[in-house]
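*Asks:* I am attaching a structure below and will ask some questions about it afterwards.
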Amino acid sequence: MASIFTKIINGDIPSYKIAEDDDNYAFLDINPNSKGHTLCVPKKEVDKIMDLDEESYTKLMAFSRKVGLAIEKAVPCKRVGMSVIGLEVPHVHVHLIPLQSMANATF
Ligand code: 5GP
């Protein structure tokens, strides 16, 4: 069965899209840690970050960095934190979270 993120990428579940390229898709988190909290997801469905092949991993990180740099310009914050958790959704995703202070770094 397709993951919830594959359904989002395919447009079967609505999302607020931030960016997309051939391999990756970025959209706002439905339950944001802070305003602008974004998830970057490879279109290829793989459960864990450690299982991504080298090329997909490199592309995901480069894509996430680009999106993070754009968020840093668009959202007032001290910095954009990047984190890979993946306990809830078994489809690799990078969290990009605009941070004002460590007080809202709850992940
Ligand atoms: P993790 O798997 O890294 O623990 O967290 C998964 C993240 O995906 C959570 O921050 C959660 O709010 C987000 N999420 C789960 N389901 C949906 C959804 O249907 N749409 C969006 N936009 N985000 C989701």
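Here, each number is a calculation from the coordinates, and none is a lab measurement. This one's a predicted model, so the numbers in the text were calculated from it and none came from an experiment. Cβ atoms come from the backbone with ideal geometry, glycine included; neighbour counts cover every protein chain shown.
*Asks:* Summing Lys, Arg as +1 and Asp, Glu as -1, what charge do residues with Cβ under 11 Å from the Cβ of Ile4 carry, Ile4 excluded?
*Replies:* Once positives and negatives cancel, what remains is -2.
*Asks:* At most 15 other C-beta atoms within 10 Å and a DSSP loop state: those are the exposed GluC sites (Glu not before Pro) I care about. Give me the longest piece of the chain that has none.
*Replies:* Longest site-free region, per DSSP loop and neighbour criteria: 1-44.
*Asks:* Taking every alpha carbon pair in region 16-107, what does the distance histogram look like in 5 angstrom bins from 0, in percent?
*Replies:* With a bin width of 5 Å, the distribution comes to 3, 15, 27, 25, 17, 9, 3, 0.
*Asks:* Which of Asp29, Asp47, Asp12 moves the most in a Gaussian network model of the chain with Cα springs under 10 Å?
*Replies:* With Cα springs under 10 Å in the chain, the top fluctuation among Asp29, Asp47, Asp12 is at Asp12.
*Asks:* Continuing with this model, one more query. Counting only C-alpha contacts under 8 Å and six or more residues apart, can you give the relative contact order of region 4-104 as a whole percent?
*Replies:* 28 percent
*Asks:* In degrees between 0 and 90, to the nearest 10, how far off the longest principal axis of the chain does helix 54-74 point, with axes built from Cα atoms?
*Replies:* With both axes taken from Cα atoms, the answer is about 30 degrees.
*Asks:* I would also like to ask the following. What are the lysines whose alpha-carbon lies under 24 Å from the alpha-carbon of Lys78, with same-chain residues fewer than 8 places away excluded?
*Replies:* Lys17, Lys35, Lys66
*Asks:* At 222 nm, what helix-only mean residue ellipticity would the chain give, in deg cm²/dmol to the nearest 500, using -39500 (n - 2.57) for each DSSP H run of four or more?
*Replies:* -8000 deg cm²/dmol
*Asks:* Let me ask you something else. Quick one: which residues, 5+ away or cross-chain, put their amide H under 5 Å from the amide H of Gly81? H built at 1.01 Å from N.
*Replies:* Counting only residues 5 or more places away or on other chains, the set is Ile97, Leu99.
*Asks:* For every other residue with a beta carbon closer than 14 angstrom to the beta carbon of Asp29, add +1 if it is Lys or Arg and -1 if Asp or Glu, then tell me the sum.
*Replies:* Charge balance near Asp29 sits at +1.
*Asks:* Oh, and also: What net charge is computed for the residues neighbouring Asp53, neighbours being all others with C-beta under 11 Å from the C-beta of Asp53, Lys and Arg scored +1, Asp and Glu -1?
*Replies:* Cβ neighbours under 11 Å give a net charge of -1.
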